[in-house]
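Single-structure report; data block below.
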Amino acid sequence: MLGKTHMAVGVAATLALTNPTTITELVLGSGIGALGAVISDIDVGTSESHKEADKIIAIVTIILIAIGVLDHFWGLGIWNRMKSNRIIYQIVIAALVFIGICAYGKEQPHRSFMHSFLALGLLSAAMAVIYPVAVKYFAVGFLSHIALDIFNYKRVRLLYPMKKGVCFKLAHSNGMANDIAFITAVIVAILEVILVLWEKFGWLLRL
């Protein structure tokens, strides 16, 4: 399926399955669900996810090198202070692990590692350290991507590193099924948003 369809389905699935009841949960679920839904396609060289991953990895690398050099030569004590605060240290390490997994995944063949349960588990584990509340949203979005791709004609290696994959060969990524999935997902997502907003602010309309 196309990127916009994966994003729409990811958001719709996340909101429908996690049932947000507050504006915070609605925003967080939509954002993290969308991230989980599109991150798998960083293994597509022409995708926006791949291009953005390149930029993010390059920026993070430059920043870390600059901080390391300054910390070493100027004795700023940044690394020592970070290690002394265990929570910050764990979050930084988990974020680097998350980025490292994505860096590895984007260089793998399409629908292999980044479309597997292994990648889901590793990324979710890193996310659990970075922001535990977001894990369920990320996982649902990620799984929605895999579920959609299974209906295509190219095999999805769910049990990577095993070579065999799964595909139902029922739909093309840019055919009618893609359009139907996109429209349906947008409608579901809008209804979910309306439901949450009504629960929070519906009383204003009754005044």
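Every read-out reported here was derived from the displayed coordinates using simple, explicitly stated rules and does not represent laboratory data. If you're wondering where the values come from, they're calculated on a predicted model, not measured in any experiment. Cβ: placed from backbone, ideal geometry, glycine included. Neighbour counts: every protein chain shown.
Miscellaneous remarks
- Evaluating kT/(6 pi eta Rh) at 37 °C and 0.692 mPa s, with the Kirkwood radius of segment 3-199 over Cα pairs in the Stokes-Einstein relation, gives 182 µm² s⁻¹.
- For V156, residues with placed amide H under 5 Å, excluding near neighbours: V166, C167
- Charge tally for H145 (other residues, Cβ to Cβ under 13 Å; Lys, Arg +1; Asp, Glu -1): -1.
- For trypsin sites (Lys or Arg not before Pro), the sites in segment 123-169 that DSSP calls loop and that have at most 10 other Cβ atoms within 10 Å are K163, K164.
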